[in-house]
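Notes to accompany the following structure.
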Ligand code: DQA
């Protein structure tokens, strides 16, 4: 990744991590998660900036600005917006920086309404179910993408239609 900077975006209610349904999301707070992710990035020579918002439009605006602000990749946990935000799906499809969708929990093992992500088809990839490790793995994926950006995608479709 040439710019060596990644943006980590957390969607709604992720500011409550630590106390929010700990049986699902664990006891790690958002501040601890951000520290873990930033430290992992630093060890790999990657500057990581973490932001959280409960507001859909703010996440859209941050994604639109990611390239202009020098971020070479985005790790996005859209929270509940995952399941219905076409605005987030559209901005992920619109921008050139790779976006990796992450989830702490395994959304496929939960309630049916969580099984579908409207964003996944527009994202570069999806990593879920590993708790805080999902974010770490996503950063490593961004770094690996940066290393072989010239290679064709495994999925050859240039833009998903879903
Ligand atoms: C989540 C899963 C979503 O279904 C939920 O609405 C969240 C968190 C996760 O990280 O597991 O807020 O994105």
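If each residue of separation counts as 0.36 nm, what is the full-extension length gain between residue 15 and residue 39 once their alpha-carbon separation is subtracted?
6.7 nm
Over the stretch 5-145, what relative contact order in percent results from Cα pairs under 8 Å that are six or more residues apart?
After rounding, I find 26 percent.
Tell me the mean residue ellipticity at 222 nm calculated for the chain from its helices only (DSSP H runs of n ≥ 4, each -39500 (n - 2.57), averaged over every residue, nearest 500).
That comes out to -9500 deg cm²/dmol.
Taking the chain as a Gaussian network, where each spring joins two C-alpha atoms under 10 Å apart, which residue of 49, 111, 32 fluctuates the most?
Maximum among the listed residues: 111.
Nearest 0.05, what FRET efficiency do residue 32 and residue 115 give at R0 = 35 Å with Cβ-Cβ as r?
Values: r = 28 Å, r/R0 = 0.81.
That gives a FRET efficiency of 0.80.
Cut-off 17 Å, label point 7 angstrom out along Cα-to-Cβ of residue 84: give me the residues of the stretch 119-139 whose amide nitrogen falls inside.
It comes to 119-120, nothing else.
Quick one: divide the alpha-carbon radius of gyration of the chain by 2.2 N^0.38 Å and tell me what you get. Could the numbers behind the result be given before it?
Numbers: Rg = 14.7 Å, N = 162, 2.2 N^0.38 = 15.2 Å.
Working it through for the chain, the quotient is 0.97.
All of the numbers you see were taken from the coordinates with simple rules; none came from a lab. None of the values given here were measured: they were computed from a predicted structure. We place every Cβ from the backbone using ideal geometry, glycine too, and count neighbours over all the protein chains shown.
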